[in-house]
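Presented below is the structure to which this report refers.
The values are calculated or read from the model by the stated rules, or taken from the named source; none is laboratory data. It should be emphasised that the depicted structure is a prediction, and the values quoted were computed from it without experimental measurement. Note: ideal-geometry Cβ built from the backbone for every residue, glycine included; neighbour counts use all protein chains shown. Side chains included, ligands, DNA and RNA excluded: accessible areas come from the protein's heavy atoms. Shrake-Rupley method; radii C 1.70, N 1.55, O 1.52, S 1.80 Å.
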4 protein chains.
Amino acid sequence: MSQPSTATSATAHSVWPDWNTAAQAVIETGRQAAQRGWVPATAGNFSVRAADGLVAITRSGVDKGAMVLTDILRQPAGQALLPGSSAEAELHLRLYADHPTLGAVFHTHNLAASVLGRLHVAHGRIVLEGWELQKALQGIRTHETRVHLPVFANTQDIAALANEVSAHFALAPADTVLAPGYVIAGHGLYAWGSDARQAWRHLEALDVLLAQVLALRA
Amino acid sequence: MSQPSTATSATAHSVWPDWNTAAQAVIETGRQAAQRGWVPATAGNFSVRAADGLVAITRSGVDKGAMVLTDILRQPAGQALLPGSSAEAELHLRLYADHPTLGAVFHTHNLAASVLGRLHVAHGRIVLEGWELQKALQGIRTHETRVHLPVFANTQDIAALANEVSAHFALAPADTVLAPGYVIAGHGLYAWGSDARQAWRHLEALDVLLAQVLALRA
Amino acid sequence: MSQPSTATSATAHSVWPDWNTAAQAVIETGRQAAQRGWVPATAGNFSVRAADGLVAITRSGVDKGAMVLTDILRQPAGQALLPGSSAEAELHLRLYADHPTLGAVFHTHNLAASVLGRLHVAHGRIVLEGWELQKALQGIRTHETRVHLPVFANTQDIAALANEVSAHFALAPADTVLAPGYVIAGHGLYAWGSDARQAWRHLEALDVLLAQVLALRA
Amino acid sequence: MSQPSTATSATAHSVWPDWNTAAQAVIETGRQAAQRGWVPATAGNFSVRAADGLVAITRSGVDKGAMVLTDILRQPAGQALLPGSSAEAELHLRLYADHPTLGAVFHTHNLAASVLGRLHVAHGRIVLEGWELQKALQGIRTHETRVHLPVFANTQDIAALANEVSAHFALAPADTVLAPGYVIAGHGLYAWGSDARQAWRHLEALDVLLAQVLALRA
């Protein structure tokens, strides 16, 4: 398959930020996601990979728009989830394990992602094509590229979903261009990048792309 | 019937906040509801149960986004409405009487609730199913649960509506899972919780759930 | 016809505010209208009736979200428009002349009003019925009241439009309940009240009512 | 063809602002565009013509909502693009070359423009007719004027697109009234004016006009 587009800028972050810097990026990302209405009712989770094999990741059940440092867990990558973790933290850790160049993973409850996910789940993907904003996804050079944004059925079996995501990205055909993210039907959007800034750019771009697809369909 | 989901966390608030703390929570809730456009033209009302058998509840006719302490009434639970009360205050007091663990009741004029209410009033409910955000409702563990959000016809006979709501929650079949709230057609949304924080989480979750249902339908 | 609903609270403002107070209300109204996206591209105009036969009214062509005192004209009621006036100022002055109890007239470019106006212009009105928020219109006691919001075709002949509006409100059948405002198709919304506070409440209510009607129709 | 409407107020800016003033206008425009959600994921570009044959124009790849002076390039008009330029800077420079009275060019990714562009690209234009807000476009005196907003297919060949735009505005029939801007399908909106203030007014007006057209169609 084609590598997730973030792979190409890997060398920029062979040195990860220290944990406190990573945690501050998580706090700021949550604040901005809340302003956009993406994390209602304590929804959403955010992580940034830090130095020393650590990940700064949001604690479960807190308002993501008003976090402080104690709301961020100091999770060792590749180890069991800490007490207070969201069940979905496993999806973050699996992405970091599968993709060594990933520096940040953001998950939000965008309305268009949730609704379009239900409309496309039988098809397994939303194809983004003909939108200029596709070029905001790392490695995409033209709106003519057919970008596949995978859609997975929602489940409470997070281990199974982590396996499904992992297999999907590993086994996609060589000529498929995959977005740096995926949709869970009736649930929301995951997006990632080589660092927090790129992951946020991908999140913003996918949010608008999905809103455009939904409006075009209506 | 299944208990309203808030019943399960009752013990957390066997001690209610003092009236001033409750009133401050009402003021802050109104401010945030106004920012979201949920209380146009002095619409909406908000209450928090306080110690000593009191309820802190909004006065009628004030801008809910800019309230001060004198806009909050010191209403004794289970007694006649004070001068300056909204007629709908009766709906709040009935909920507190029926459900001893309820700590806060919030009512807003969300567009999706008002519109979907008219579309579903003949059916008597909106069924929420397959949305991850259902898990933000206390006691719901999976998106697969069919959650019933009751829809009542609008009326100016508030005593009759209070009776109808009371009977509906008391008499629902045992296998029905009820949301911690209800919709009045062409009017808006009621949501409650064991305290102001939980009631707000329920209000945010139901607002997004209804917006998703409306978008999926379009 | 039934009196415009604002007539009932006339006595409250037999004494009008001084011109500076009225002008400050106009400035603040413009600021809040801009925050809601109702006055794009210098659109909209706002007036408040003041003491001594004066009206504080917005100058043409200024950004209504960032006005200062020199953007407000000191227009004598019932006299020729001052230099710098918007052509539509004539609509304001006619309303003040026709309805002695009117204290404020606000005009905005709400999207739902503009679009629904085009859909309803052949019919001449939008009927509001079954919406609780109708009760935010002065004198309306129940959502069951059928409230007529007149819709006029757009025109650049403001004198003719002023006559048409004036005749419509004077000649409406006795059993017709008229909203305190009207829509111009493809243009926007006029709303008024006995003072700036009531006119703003009517503007907010009509904006949400029209958005609900548009959403229900879609 | 009819001149682009901005031509009529040319004399107002025979003296262009100095580069620093122009750059500050670009920074402020980007900040306001970001508040409206028009420049997601570093999208959009903005320029203001300055004295001494210079253009103040946004650098590629920066967040347009939080720019500082070093994010603005000091581009000589009519010369090769500076390092760090967006490819689309060529579209700006061609507009300044073709229309000597143009003082500012703004490009944003408005949802309605992007979506309507795809729906209208085969037709080559969106006709704006019957909307009062058309009068916010310089030179338009009535909502009855049929204003043509050209729609071009998206392409990564910016030189070809610049030629296509240039020819379209030069060769339009004499009785065609052209908007001061154009749409690129699946991409976004360009708008211009004799100075930054007028270009912003045109951008706001076209954004709302397109949202109205989209809502009327739905």
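Which of rounded, prolate, oblate describes the protein assembly as shown, given a ≥ b ≥ c as roots of the alpha-carbon gyration tensor eigenvalues and a/c under 1.5 marking rounded, otherwise prolate only if a/b is larger than b/c? Oblate, since a/c reaches 1.5 and b/c is not below a/b.
Rounded to the nearest 20 debye, the dipole size of the stretch C:19-217 about its Cα centre is 240 debye, using +1 on the Cβ of Lys and Arg and -1 on the Cβ of Asp and Glu.
Cross-link partners of B:Lys64 among aspartates and glutamates, defined as those whose alpha carbon lies under 20 angstrom from its own and excluding same-chain residues fewer than eight positions apart: B:Glu28, B:Glu88, B:Glu90, B:Asp195, B:Glu204, B:Asp207, C:Glu28, C:Glu132, C:Asp195, C:Glu204, C:Asp207. This model, with +1 at the C-beta of Lys and Arg and -1 at the C-beta of Asp and Glu, gives the stretch D:131-183 a dipole about its Cα centre of some 160 debye. How large, in percent, is the carbon and sulfur part of the accessible surface of the protein assembly as shown at a probe radius of 1.4 Å? Carbon plus sulfur share of accessible area: 53 percent. Between D:Arg217 and B:Gln32, the C-beta separation translates, for a Förster distance of 45 Å, into a calculated FRET efficiency of about 0.85. Each of D:Ala179, D:Ser47, D:Leu216 was placed along the dipole of the stretch D:19-217 (beta-carbon charges, centred on the mean Cα), and the one lying farthest toward the positive end is D:Leu216. Among the residues of the stretch D:23-54, those with an accessible-area drop of 10 Å² or more from chain alone to full protein complex, heavy atoms and 1.4 Å probe, are D:Pro40, D:Ala41, D:Thr42. The interface between chain C and chain B buries about 1400 Å² of solvent-accessible area in total (1.4 Å probe, ligands and nucleic acids excluded). For the stretch B:29-38, the Karplus equation 6.51 cos²θ - 1.76 cosθ + 1.60, evaluated at θ = phi - 60°, returns couplings of 4, x, 4, 6, 5, 5, 4, 8, x, 8 Hz by residue, with Gly and Pro reported as x. For chain A, with a Gaussian network of springs between Cα atoms less than 10 Å apart, report the residue from A:Gln198, A:Gln24, A:Gln35 with the top mean-square fluctuation. Of A:Gln198, A:Gln24, A:Gln35, the Gaussian network model singles out A:Gln35 as fluctuating most.
Helix A:111-120 and the long axis of chain A differ in direction by around 50°, with both axes built from C-alpha atoms. Helix B:196-217 axis versus longest C-alpha principal axis of chain B: approximately 40°, rounded to the nearest ten. Rounded to whole numbers, the Karplus 3J(HN,Hα) couplings from phi for the stretch A:96-110 are 5, 5, 6, 10, x, 8, 6, x, 7, 10, 10, 10, 9, 9, 5 Hz, using 6.51 cos²θ - 1.76 cosθ + 1.60 with θ = phi - 60°, and x at Gly and Pro. From the alpha carbon centroid of the stretch C:85-123 to that of the stretch A:135-177 is 52 Å. Here the Karplus relation 6.51 cos²θ - 1.76 cosθ + 1.60, evaluated at θ = phi - 60°, turns the backbone of the stretch D:56-70 into coupling constants of 8, 9, 5, 6, 6, x, 9, 5, 6, x, 9, 8, 10, 4, 6 Hz, with x for every Gly and Pro. In a GNM of chain B with a 10 Å cut-off on Cα contacts, which of B:Gly65, B:Gly117, B:Gly44 has the highest mean-square fluctuation? Comparing B:Gly65, B:Gly117, B:Gly44 in the GNM, the peak value goes to B:Gly65.
Going from the isolated chain to the complete set of protein chains, the stretch C:187-218 loses at least 50 Å² of heavy-atom accessible area (1.4 Å probe) at C:Gln212, C:Leu216.
A dipole drawn for the protein assembly as shown from +1 and -1 charges on Cβ atoms has a positive end, and of C:Leu189, A:Leu149, A:Met67 the residue lying farthest that way is A:Leu149.
Within the shell of other residues whose beta carbon sits under 9 angstrom from the beta carbon of C:Pro17, the net charge comes to -1, with Lys and Arg scored +1 and Asp and Glu -1. Rolling a 1.4 Å probe across the protein heavy atoms gives chain C an accessible surface of 37 Å² per residue. The local environment of B:Gly103, defined by Cβ-Cβ distances under 14 Å, has a net charge of 0 under the rule Lys, Arg +1 and Asp, Glu -1.
Helical content of the protein assembly as shown, expressed as a calculated mean residue ellipticity at 222 nm, amounts to -11000 deg cm²/dmol (DSSP H runs of 4 or more residues, -39,500 (n - 2.57) each, divided by residue number, nearest 500). Residues of the stretch B:107-126 that bury at least 30 Å² of accessible area once all protein chains are present, compared with their chain alone (1.4 Å probe, heavy atoms only, ligands and nucleic acids left out), are B:His109, B:Leu111, B:Val115, B:Arg118. The label point for C:Ala51 and the one for C:Gln79, both projected 7 Å from the Cα toward the Cβ, are 1.8 nm apart.
Taking Cβ atoms as reference points and 11 Å as the exclusive limit, the residues near A:Ala215 contribute a net charge of +3, counting Lys and Arg as +1 and Asp and Glu as -1. Under a 5 Å amide H cut-off, with hydrogens placed 1.01 Å from N, B:Leu73 pairs with B:Ile57, B:Thr58, B:Arg59 among residues at least 5 apart or on other chains.
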